[in-house]
Amino acid sequence: MNIRNIVDLPDAHPEVSLGLAFEHGAEPVLVIDPLEDRIIDANPRAAALLGYGRSDLRSMRVSALHPGQLPALIVFSQAALLKGRYWTQALSPRHADGSQLSLEYSAAVLPTSAGQWLQIALHDIVERQRRMVDQEADLFMRSGIAEWQRAERFFQDIERENRLILRAAGEGIYGVNAEGITTFVNPAAERMLGWTAEELVGRDMHATVHHTHADGRHYVNHDCPIYAAFRDGTVHKADTEVFWRKDGTPFHVEYTSTPIRERGGLLGAVIVFRDITVRRESEEQLRGALAEVDHLRERLERENEYLQEEIRIETRHRGIIGRSAAHQKIISQIELVAQTDATVLITGESGTGKELIARAIHEASRRSSRPLIRVNCAAIPRELFESEFFGHVKGAFTGAIRDRIGRFELADQATLFLDEVGEIPLELQGKLLRVLQEKQLERVGEERTRNVDVRIIAATNRSLKSDVKAGRFREDLYYRLDVFPIESVPLRERLEDIPQLAQHALEGAIRKLNLPPITLTKADIDRLMRYDWPGNVRELENVIERAAILASNGRLRISLPEARAGQGASVPQPSQVRLVREDERKQRDRDNIVAALNVAGGRVFGADGAAELLGIRPTTLISRMKAFGIKV
């Protein structure tokens, strides 16, 4: 139907008189202009049947009275204009209260000076069907083949009578009979499907273009909404399916399948479709972009939360200070292992700078563009270990009010520092081992498996070997962590680093406390070097900061626990002890190591070994033996 906008629609055309029969007839009648898509008039019975005022109907479009029924309206009006008379039960006008009426339309051409109008009588379909049921039953019983041929002729009439409209339409339009066989195809459908009309007419349309779902599953024609239209007599719409081109490629479509009736029988359907591939791709891209934005936002929020937490923690200097052989050995080990993804186990007493070593390894690695994620295993409650490490989903347990990513997921493509790893409960060590081996995890309360790429650096002040023997630590986890061990030497075994460490700590305290310049004297250094530092570098920093606060006239006031100063005695006065020269001290230390080796029978390690007799670590003893040139 060629629809044009009408600006000033008159109530009636003065040159046309509809007559007394129209006004006072017992039958509801509409007069319409099909080419202009408008209702010219409605008699009182029609207005009462439809529930509208006559003036309202005169200002209404025919298509507005029949929402969503444009294909059937086109078929009906064009057939009536061409044949002079026509009737249908395919149209259901909308009552003023919003309900759909079931009526039968009988149209006759009404020639006027304004053009060809249609006078349409409206009949109650139930009553009409009651009168015709016997005739129709007899017709279908006698002429099954004739009915099929009549349907074919009907669709041919539709195509012939609406050829101009079908050619001009931008949407694809085709018809199928009650067997699903194609009866006509317009040019737009040919272009979209890649088939010619000659190739498609006479073929099963579902088997040709609608045979498979988008995911590759076979599409049974019984489930097809297009076929359902001429089975149940209702209009079916879909926008989540695909049609298949002749070249075998699919495209997303939105279609409407409208049933076609003739003499009370369903003859088939007219299908109007359009290609919505671009729209679907845009929607998919938008959904993907939004999902990526959500993922990145969540990740950035977690990283920001973690980094803010780290900022609040008082951090020490990033550099590892010192010139001792032990310090140089650690630097060499860091340089060796940093460029790999090997797991590192850092051992040593509390306060020796294990976290500094971990940070130095991370910052020298290829993962340095991402943060070092630190987990203090000793500070996590036993019941929250899984959630802290692997994350959880909303509702996984009481208090889980939102999804939360764990430290492993947060450290993806980065480094995870497991401080005090020996404090992980034994029953959870197996889950940690699985993640280290398989690089996969599941959040608490979720079945989805996630892949992670995490470099592990672990640290402990305990003897994990002893814990393994005592059954407190899994042996397989220990060997998984102990790939590249680094020992953080206690401060008392690298006393030559104290001057640099003390000066660095003093400069940091001055900046932190906004103090005036303070001098670290040689006497201060000597006193610091006579202390055995059970708290290691952390204790040294605290002592220096306290001394800076108590400083007077630019001089530090160092306060050391007297019980441990000078190896358990009060700080000695020069008159109480004999001063030992450096060469004498070195010779004494060398002689002491040689004596211990002789007593131990040349053994360094194990029970009653030289290291145990001297009360130092075997690695420390070996380092000193190399320095003194002692060979076993």
In Hz, Karplus ³J(HN,Hα) per residue of the range 480-487 (6.51, -1.76, 1.60; θ = phi - 60°; x = Gly, Pro): 5, 8, 8, 6, 9, x, 10, 9
Spin-label pair Asp223/Ser332, simplified geometry with 7 Å Cα→Cβ offset, distance in nm: 7.0
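Report, please, the projected area of the range 172-244 averaged over directions, based on the convex hull of its C-alpha atoms, in nm².
4.7
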Cut-off 15 Å between beta-carbons: net charge of the residues surrounding Arg443, Lys and Arg +1, Asp and Glu -1: +1
Percent of C-alpha pairs per 10 Å bin, the range 344-468, short to long: 13, 43, 35, 10, 0
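Can you list the chymotrypsin sites (Phe, Trp or Tyr not before Pro) in the range 386-419 that are in a DSSP coil and have 15 or fewer other beta carbons within 10 angstrom?
Details: sites: Phe389, Phe390, Phe397, Phe408, Phe417; in loops: Phe397.
Loop-located and lightly packed - Phe397.
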Proximal aspartates and glutamates to Lys586, defined as alpha-carbon separation beneath 19 angstrom and excluding residues fewer than eight positions away on the same chain: Glu493, Glu496, Asp497, Asp526, Asp532
Relative contact order (%) - criterion: Cα under 8 Å, at least six apart; region: the range 204-297: 20
Exceeding the 32 Å Cα-Cα cut-off - candidates Lys329/Lys465; Lys465/Lys522; Lys394/Lys465: Lys465/Lys522; Lys394/Lys465
At most 16 other Cβ within 10 Å, DSSP loop - trypsin sites (Lys or Arg not before Pro), the range 341-410: Arg366, Lys394, Arg402
From phi via Karplus (6.51, -1.76, 1.60), per-residue ³J(HN,Hα) for the range 357-365 in Hz, x at Gly/Pro: 5, 4, 5, 5, 5, 4, 5, 8, 9
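Bear in mind these aren't lab numbers, they're just calculated from the coordinates by the rules spelled out. Note that this is a predicted model, so its numbers are computed, not measured. So basically every Cβ, Gly included, is an ideal-geometry build from the backbone, and we count neighbours across all protein chains shown.
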